[in-house]
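Worksheet: one structure, shown below.
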Amino acid sequence: PAASVRGPKYVVKKGKTPVLSAEEARTLFASIDTSHVVGLRDRALIGIMTYTFARVGAVLGMRLEDYYPQGKRWWVRLHEKGGKQHEMPAHHKLEAYIDEYIQQAGVAGDRKGFLFRSAVGKTKTLSERPLNQVDVYRMIRRRAKEAGILTPIGCHTFRATGITNYLENGGTLEKAQFMA
């Protein structure tokens, strides 16, 4: 007879995902060596996850055609879980990061190709294959260590950091939920 009775709902007050402060995020972006295409790729990838609150899977599935102009702004199209498409305007810093990466990578003509491509060994050149999530996770850990960030961060950290920063700067919870 008690099978139909529901128990109390489990509610988590504080998330477990580490969040970077605005200063730590700036330090991370500044510490990336952008003298070669791999550094530009990493900065653009972290930028998309931070400024659009995107999941790493959605970012890695992006093609060049998913970064497009509409009016005076550039937009990113993300293919999220469950087949959902999510379009967001690109922040001006994100536009600069992506534009510089695309120009240096020389992939502007391949609109159907993957936006974020894996590197060929340690040659600092890119292949045609897309990055995978494990490589992104390792890259993030390596870049954080190089920047002197002691917190063990992962891919989801940038989603949480972007949302937290947005809310701290006067954004509304409803808009943050819609964007995320």
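The values are calculated or read from the model by the stated rules, or taken from the named source; none is laboratory data. This is a predicted model, so every value here is computed, not measured. Counting neighbours? That spans all protein chains shown, and the Cβs are built from the backbone with ideal geometry, glycine included. Remember, those area values only see protein heavy atoms, side chains included, never the ligands or the DNA or RNA. Shrake-Rupley method; radii C 1.70, N 1.55, O 1.52, S 1.80 Å.
Of note:
- Summarising the amide proton neighbourhood of residue 78: residues at separation of 5 or more, or on other chains, whose placed amide H is nearer than 5 Å comprise 86, 87, 88.
- The chain, accessible area per residue, ligands and nucleic acids excluded (1.4 Å, Å²): 60 Å²
- Taking the longest Cα principal axis of the chain as reference, the axis of helix 156-168 is set at about 70 degrees.
- Cross-link partners for residue 72 among the lysines, with Cα-Cα distance under 28 Å and sequence neighbours closer than 8 places in the same chain left out: 84, 93, 112, 175.
- Cα long-axis angle, helix 92-105 against the chain (0 to 90 degrees, to the nearest 10): 40 degrees
- Here the Gaussian network model covers the chain, with springs between Cα atoms less than 10 Å apart; of 106, 47, 121, 121 fluctuates the most.
- On Cα atoms only, tilt of 37-52 relative to the major axis of the chain in degrees: 30 degrees
- Maximal additional length on extending the residue 63-residue 142 stretch stands at 25.9 nm, based on 0.36 nm per residue less the C-alpha distance.
- Carbon + sulfur, % of accessible area of the chain - ligands and nucleic acids excluded, 1.4 Å: 54 percent
- Our summary gives segment 1-146 a relative contact order of 23 percent, counting only alpha carbon pairs under 8 angstrom and 6 or more residues apart.
- Comparing 107, 76, 19 in a Gaussian network model of the chain where C-alpha atoms under 10 Å apart are linked, the largest mean-square fluctuation is found at 107.
- Kirkwood Rh in Å, taken over segment 50-180 so that all alpha-carbon pairs contribute: 15.9 Å
- Distance from segment 34-72 to segment 151-180 (C-alpha centre basis), Å: 17 Å
- Segment 47-101, dipole about Cα centre (Lys/Arg Cβ +1, Asp/Glu Cβ -1), debye to the nearest 20: 200 debye
- Cα-Cα separations in segment 1-109 greater than 18 Å, expressed as whole percent: 58 percent
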